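Trainee: I am attaching a structure below and will ask some questions about it afterwards.
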Amino acid sequence: MQNVNRRRVLRGMLNGGAVTVGLPLLNYFLNGNGNAMADGAAMPVRFGTWYWGQGISKAVFVPKQAGANYELPEEIECLKDVKKDINIFTNLTAYRDGAFFCHYTGWVVARTGVAPQVQNQSLAESIDTTIANGIGRTTRFKSLTCTSTGDVRDIISYESPTTNNPPEFSPLNFYTRLFGPDFQDPNAPTFTPSPTVMVRKSALTGVMDKIKTLENKVGSEDRARLDQYFTGLRHLENQFNQQLTKPEPREACVRPKQAKDMDTGSDSALVAQRHNVMTDLMAMAVACDQSRVFNMIYSYGFSNTTKAGYDKPHHTCTHEEPKDEKLGYQPNASWFVRRAMESWAYYVSAFSKIKEGDGTLLDNCFIMGNSDVGDARVHSLEEMAAFTAGRMGGKIKTGLHIPYNAGKITDIGFTGLKAMGLDLKTWGGKSNETDKTIGEIVV
């Protein structure tokens, strides 16, 4: 089998006709360590994000010890099973740079590197788009974004300052998009290109030819608009080409059972259930190499998540609930944060449970988790917390708590960008601009 490679198929005859059977991702195709392909190609790496609204309760969230030997305070005690796979960053700062929009400025700075100057409008593409433009062109979906809030208006991903990427909010719709009729199982014994996709590609080719002709007839502003539109169409063409080519086998890829549609209510139990269903779908989509860039929203900045038997949603609670002087924090506000952290733990574990090579899917990911504020009661952009998860193919250390001494939250994003191989000297703008990678976690 010296000439066998990971694209190789077994050929034979059946009833006089040719039969081809794709091979799964065997250990034979990997190097001796199981962390790269035998031909020297690296295992694919992925970038993800996770977002929760309303920040933290500092008194019971921030570990007292730095480094690896830290104890988990009660608000994040639920992270004990994923502690070895994550890093916790505390005392981070997002700079306003002259404008401030409640529950918006903080997360936009963390994900674009630039403080917004207009409500609900970014000044730059978000980090997931930057990375997807580099590593997402060969997959079926350049990136995936979904939300457990049930609200399509909850935006965390920007294609450009004026174009956002709305999230999937229905588990059933998300399943259909990922694993419905257009899904090509990479481990299927045969491959038949979809006639529907072939028709779409043919139609798109005609459209693109017309756009090229139109570009020669319009002014510079219209050419810029057409160029942005054309970029999207080129990616769509790449998607069609990908769907018309037999995918490489993926041992971890298993088509999940069809998801059921769910209510769009805001009860915390329902939000967690939607989150977990969509997380499982997303993790399997990544394992099947349908996308290498992904985003998940647990709750939004103006979180309306509710608690059974309590009369205020999360956002209202953070402003109206008195601080318990004996405890040192708002008990119900902290209850909501604890539910968010349970979902973060589920998100991380979903990727860590999928075996890939000699490790897990999470081992080949860099996942960034952040919120919109530090203390939601006063909309603080100081003393913020964030996470990373995954070792990014051995480039990132995990299991650490890093107090950041009021450093820039954008350092986390820049570290992720560099780990993903993007050749950037700096990232961000004005006070949030950075050229610093976080040395404590970089191998």
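Trainee: Can you find a residue that is at negative phi, in a loop (DSSP other than H, G, I, E, B), of a type in the set (Ser, Thr, Tyr) and surrounded by 18 or more Cβ atoms within 10 Å (Cβ to Cβ) anywhere in the stretch 397-408?
Mentor: Yes, the stretch 397-408 contains at least one residue that is at negative phi, in a loop (DSSP other than H, G, I, E, B), of a type in the set (Ser, Thr, Tyr) and surrounded by 18 or more Cβ atoms within 10 Å (Cβ to Cβ).
Trainee: Conditions: (1) out of contact with any helix residue (DSSP H, G or I) (no Cβ under 6 Å at 6 or more places or on another chain); (2) at pLDDT 95 or above; (3) buried (at least 18 other Cβ atoms within 10 Å of the Cβ). Val293 meets all but one. Number of the miss?
Mentor: Single failed check for Val293: (1).
Trainee: While we're looking at this one, here's another question. Of all residues in the stretch 169-183, how many are in a loop (DSSP other than H, G, I, E, B), closer than 15 Å to Gln273 by Cα and not aromatic (Phe, Trp, Tyr)?
Mentor: Counting residues in the stretch 169-183 that are in a loop (DSSP other than H, G, I, E, B), closer than 15 Å to Gln273 by Cα and not aromatic (Phe, Trp, Tyr) gives 1.
Trainee: Between a residue in the stretch 147-160 that is under 13 Å from Tyr298 (Cα atoms) and touching a residue at least 60 places away in the same chain (Cβ under 8 Å) and any residue that is assigned to a strand (DSSP E or B) and of a type in the set (D, E, K, R), which pairs come within a Cβ distance under 8 Å, given they are 6 or more apart or on different chains?
Mentor: Filtered contacts from the stretch 147-160: Thr147/Glu168.
Trainee: If you scan the stretch 363-399, which residues turn out to be polar (S, T, N, Q), over 15 Å from Asn295 (Cβ atoms) and touching a helix residue (DSSP H, G or I) at 6+ places or on another chain (Cβ under 8 Å)?
Mentor: Across the stretch 363-399, the qualifying residues are Asn364, Thr398.
Trainee: Let me ask another. Of all residues in the stretch 286-336 being part of a helix (DSSP H, G or I) and hydrophobic (A, V, I, L, M, F, W, C), which is nearest to Thr388 (Cα to Cα)?
Mentor: Only one residue tops the list, namely Val286.
Trainee: Please enumerate the residues belonging to the stretch 69-101 that are surrounded by 13 or more Cβ atoms within 10 Å (Cβ to Cβ) and hydrophobic (A, V, I, L, M, F, W, C).
Mentor: Leu72, Ile76, Cys78, Leu79, Val82, Ile86, Ile88, Phe89, Leu92, Ala94, Phe100, Phe101, listed by residue number.
Listed here are the residues, each with its yes/no results for (1) modelled with pLDDT of 90 or more; (2) part of a helix (DSSP H, G or I); (3) among the basic types (Lys, Arg).
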position: Ala124; (1), (2), (3): yes, no, no
position: Thr129; (1), (2), (3): yes, yes, no
position: Gly134; (1), (2), (3): no, yes, no
position: Thr149; (1), (2), (3): yes, no, no
position: Ile156; (1), (2), (3): yes, no, no
position: Glu159; (1), (2), (3): yes, no, no
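Trainee: Now for a different question. Looking for something among the charged types (D, E, K, R), at pLDDT 95 or above, more than 24 Å from Gly106 (Cα to Cα) and out of contact with any Lys or Arg (no Cβ under 9 Å at 6 or more places or on another chain) - is there at least one such residue anywhere in the stretch 270-285?
Mentor: Yes, the conditions are met somewhere in the stretch 270-285.
Trainee: Of the residues that make up the stretch 225-245, is at least one outside any helix (DSSP H, G or I) and either modelled with pLDDT under 70 or within 30 Å of Asp363 (Cα to Cα) (or both)?
Mentor: Quick first cut of the stretch 225-245, residues outside any helix (DSSP H, G or I) only: 244-245.
Still in the running and either modelled with pLDDT under 70 or within 30 Å of Asp363 (Cα to Cα) (or both): 244-245.
Taking every residue of the stretch 225-245 in turn, at least one turns out to be outside any helix (DSSP H, G or I) and either modelled with pLDDT under 70 or within 30 Å of Asp363 (Cα to Cα) (or both).
Trainee: Against the definition (polar (S, T, N, Q), farther than 30 Å from Lys430 by Cα and surrounded by 15 or more Cβ atoms within 10 Å (Cβ to Cβ)), how does Thr190 come out, yes or no?
Mentor: Against the criterion (polar (S, T, N, Q), farther than 30 Å from Lys430 by Cα and surrounded by 15 or more Cβ atoms within 10 Å (Cβ to Cβ)), Thr190 does not qualify.
Trainee: Still on this structure, please answer the following. Go through Ala110, Ala124, Ala132, Ala115 for me and flag whichever is touching a residue at least 60 places away in the same chain (Cβ under 8 Å), surrounded by 21 or more Cβ atoms within 10 Å (Cβ to Cβ), of a type outside the set (Lys, Arg) and over 24 Å from Tyr347 (Cα atoms).
Mentor: Numbers: Ala110 fails: over 24 Å from Tyr347 (Cα atoms); Ala124 fails: surrounded by 21 or more Cβ atoms within 10 Å (Cβ to Cβ); Ala132 fails: over 24 Å from Tyr347 (Cα atoms).
So the residue among Ala110, Ala124, Ala132, Ala115 that is touching a residue at least 60 places away in the same chain (Cβ under 8 Å), surrounded by 21 or more Cβ atoms within 10 Å (Cβ to Cβ), of a type outside the set (Lys, Arg) and over 24 Å from Tyr347 (Cα atoms) is Ala115.
Trainee: If you go through the stretch 351-390 one residue at a time, how many are surrounded by fewer than 23 Cβ atoms within 10 Å (Cβ to Cβ), assigned to a loop (DSSP other than H, G, I, E, B), of a type in the set (D, E, K, R) and touching a Gly at 6+ places or on another chain (Cβ under 9 Å)?
Mentor: 3
The values are calculated or read from the model by the stated rules, or taken from the named source; none is laboratory data. This one's a predicted model, so the numbers in the text were calculated from it and none came from an experiment. Note that we place each Cβ from the backbone using ideal geometry, even for glycine, and neighbour counts take in every protein chain shown.
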